[in-house]
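These notes are about the structure you will find just below.
The values are calculated or read from the model by the stated rules, or taken from the named source; none is laboratory data. Keep in mind that what you see is a predicted model, and the values were worked out from it rather than measured. Counting neighbours? That spans all protein chains shown, and the Cβs are built from the backbone with ideal geometry, glycine included. Quick note on the areas: whole protein, heavy atoms, side chains included, nothing else; ligands and nucleic acids left out. Shrake-Rupley method; radii C 1.70, N 1.55, O 1.52, S 1.80 Å.
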Amino acid sequence: MTVTRSEFCVIACAEAWRGAGEILASPMGLIPSIGARLARLAFAPDLLLTDGEAMLVDVDGTVEGWLPYRQHLTLVTGGRRHVMMGASQIDRFGNQNISCIGDWDKPKRQLLGVRGAPVNTLNNPTSYWIPKHSRRVFVEKVDMVCGVGYDHAAGARHHRIPRVVSDLGVFDFDTPDRSMRLASLHPGVTVDEVRAATGFALTIPDEVPSTREPTPAELRLIREVIDPDNRRAREVPEEARA
């Protein structure tokens with residue numbers, strides 16, 4: 001079976017929740033949402049999914065339970081939630097910006113605002129999904145810290161950035177100084193492409209593995225159960241790869 005770039009991105013996002021146990025998954029965006037649902041069906045059966053409001057739901061949206069706001073906050077502040085957010089900018093230590101581009105006093109562009117990013121990153125694991133890897137996003141220093149990176153976390157108890165997934169590869173912070181490392185390349189992508197699209201010096205191992213391929217069973221779940229309309233291809237368009 002052939003696998004598209006978007007499907008490699010889905011499985012890379014899904015792997016963020018492998019072995020997580022009974023925690024709340026909070027995927028933000030299409031590819032992370034497909035990934036969280038795939039994880040629940042394929043290898044993380046205890047993962048908790050919500051309707052984005054107050055209900056715990058199954059992969060198909062069937063209500064499984066009620067999640068009152070008090071209990072939601074308990075999960076959020078106790079490290080029992082794993083968020084996958086987007087980023088308008090992200091730097092080498094995992095600081096994320098979704099608030100403004102340019103100086104805070106006179107920004108070139110106003111974005112979403114800080115929102116819940118500081119609470120998310122300091123109180124529970126937070127990963128990131130970047131659908132278009134570029135130097136505009138992967139910057140040496142973010143214009144404003146919203147999501148807190150390793151150089152600003154100051155030993156926060158539940159702070160952890162398990163992974164950053166982009167349309168080029170997977171990145172982590174498994175380095176002595178907690179700076180970003182290239183963990184895997186999506187098939188068809190080269191190290192030079194990643195370097196050229198990144199605005200800071202990545203740690204790059206001598207041997208970089210390929211992002212793992214979805215199994216035939218996982219592909220069937222993606223294509224027939226979770227995303228039969230192939231919405232994923234609109235976010236990461238590309239021809240299928242053998």
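Here is how the numbers come out for the structure above:
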{"read-out": "Two-site FRET efficiency, R195 against E224, from Cβ-Cβ distance with R₀ of 45 Å, rounded to 0.05", "value": "0.75"}
{"read-out": "Distance between modelled label sites at S134 and T2, nm, 7 Å Cα→Cβ extension", "value": "2.7 nm"}
{"read-out": "Pairwise Cα inverse-distance average, inverted: Kirkwood Rh of the chain (Å)", "value": "18.3 Å"}
{"read-out": "Selection from V225, W104, G19 lying farthest towards where the dipole of the chain points positive, charges on Cβ", "value": "W104"}
{"read-out": "Integer Hz, Karplus 6.51/-1.76/1.60 couplings in order for the range 218-227, x for Gly and Pro", "value": "5, 4, 4, 4, 4, 7, 10, 10, 8, 9"}
{"read-out": "For the range 121-242: accessible area per residue (Å², 1.4 Å)", "value": "51 Å²"}
{"read-out": "Cα pair distances in the range 76-200, grouped into 5 Å bins until the bin that holds the longest one, percent each", "value": "2, 12, 22, 24, 20, 12, 7, 1, 0"}
{"read-out": "Cα-Cα P(r), the range 129-242, percent of pairs per 5 Å interval", "value": "2, 9, 17, 22, 18, 13, 11, 6, 1"}
{"read-out": "Extension gain (nm, one decimal) between V59 and R157, 0.36 nm per residue minus Cα-Cα", "value": "32.2 nm"}
{"read-out": "Per principal axis, descending, Cα span of the range 23-92 in whole Å", "value": "39, 28, 19"}
{"read-out": "Share, in percent, of DSSP beta bridges within the chain that are antiparallel, nearest 5", "value": "55 percent"}
{"read-out": "Rg/Rg_globular for the range 181-242, with Rg_globular taken as 2.2 N^0.38 Å and Rg from C-alpha atoms", "value": "1.39"}
{"read-out": "Cα-centred dipole magnitude for the range 118-232, charges only on beta-carbon of K, R (+1) and D, E (-1), debye, nearest 20", "value": "320 debye"}
{"read-out": "Whole-percent carbon and sulfur share, accessible surface of the chain, 1.4 Å", "value": "50 percent"}
{"read-out": "For the range 127-202 and the range 39-96, distance of Cα centres in Å", "value": "21 Å"}
{"read-out": "Dimensionless Rg ratio for the range 39-134, taking C-alpha atoms and the 2.2 N^0.38 Å reference", "value": "1.29"}
